[in-house]
1. What shape does the chain have by the C-alpha gyration tensor, where a ≥ b ≥ c are the square roots of the eigenvalues, rounded means a/c under 1.5, and otherwise prolate means a/b greater than b/c and oblate the rest?
2. Could you work out how far apart the two model spin labels at residue 122 and residue 42 are, taking each label as a point 7 Å from the Cα in the direction of the beta carbon, and quote it in nm?
3. To the nearest 10 degrees, how steeply does helix 106-115 sit against the main Cα axis of the chain, on a 0 to 90 scale?
4. Based on alpha-carbon centroids, what's the gap between region 154-173 and region 218-260 in Å, whole number please?
5. Just report the Cα centroid separation between region 63-123 and region 188-206, whole Å.
6. For region 156-261, what ratio Rg/Rh do Cα atoms give with a Kirkwood hydrodynamic radius?
7. Put a dot 7 Å past each Cα toward the Cβ at residue 202 and residue 101; how far apart are the dots in nm?
8. Would you calculate the volume per residue, in Å³, of the smallest convex hull containing every Cα atom of region 192-244?
Ligand SMILES: *[C@@H]1O[C@H](CO)[C@@H](O)[C@H](O)[C@H]1NC(C)=O
Ligand SMILES: *[C@@H]1O[C@H](CO)[C@@H](O)[C@H](O)[C@H]1NC(C)=O
């Protein structure tokens with residue numbers, strides 16, 4: 001009986017260790033199979049190589065694009081907390097189809113997101129995430145921040161109207177697979193891993209990206225997946241209607257430019 005118990009405890013430890021190892025492995029992923037550009041290219045080059053007509057499009061990662069200094073200064077966490085900590089934001093459950101909303105102070109959100117690194121959460125429908133929009137609260141402070149950001153985005157085919165969104169999330173958080181119009185996202189602080197596919201991947205809409213990355217990325221049949229880790233300064237292009245999921249590998253701050261017709 002005693003041996004049996006010890007054996008069970010032993011098994012349990014292996015389980016915990018393997019989970020921590022799996023998570024650590026994912027946080028240190030650096031591989032990239034997405035085309036990369038190491039400087040800005042012209043609009044013409046962009047359209048020709050990546051953002052042309054639907055059938056020819058592919059994602060691309062621009063490495064190390066400069067971010068203006070004034071904006072970088074504003075984005076320091078202590079500066080954000082001091083200026084905007086008391087602002088209310090709208091957070092949403094991080095699953096693909098159903099959304100529950102809640103209001104929370106930016107201060108409290110940041111504290112929650114910075115603590116969350118130790119545990120991994122399995123269900124996106126039980127995880128709160130800030131997507132950056134705040135149509136229901138005072139948006140002025142967000143617009144003020146965005147005025148300082150110079151988006152390096154291109155226009156994509158007939159999608160020419162940019163709208164900017166500011167986002168932040170803790171280590172291990174992110175958005176499960178979904179799709180929408182084309183756009184760009186630049187990392188300001190922290191690293192983020194992206195997964196993209198022209199075809200629908202195999203995933204549970206309530207499952208967090210980290211859970212999917214551990215359980216499903218290599219263990220279930222998937223269509224061809226592009227994936228890449230973005231570092232601060234890097235910007236990704238996500239094509240129109242492509243499925244994509246994101247995973248913050250650190251506490252991360254990022255700016256998205258969504259394009260509409
Ligand atoms: C979240 O989704 C999972 C799986 O679909 C389900 O088992 C769980 O009850 C859901 N949680 C909530 C709070 O609805
Ligand atoms: C996902 O979660 C929502 C809300 O918690 C629930 O209503 C829904 O049934 C779940 N979907 C799946 C596919 O499990």
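No lab work stands behind these numbers, since they all come straight from the coordinates. Computed from a prediction, not measured in an experiment: that's the story for all the values here. Here the Cβ positions follow ideal geometry from the backbone for every residue, glycine too, while neighbour counts run over all protein chains shown.
1. It comes out oblate by the Cα gyration axes.
2. With each label placed 7 Å out from Cα toward Cβ, I get 5.5 nm.
3. 50 degrees
4. 11 Å
5. That distance is 19 Å.
6. 0.96
7. 3.6 nm
8. Dividing the Cα hull volume of region 192-244 by its residues yields 87 Å³.
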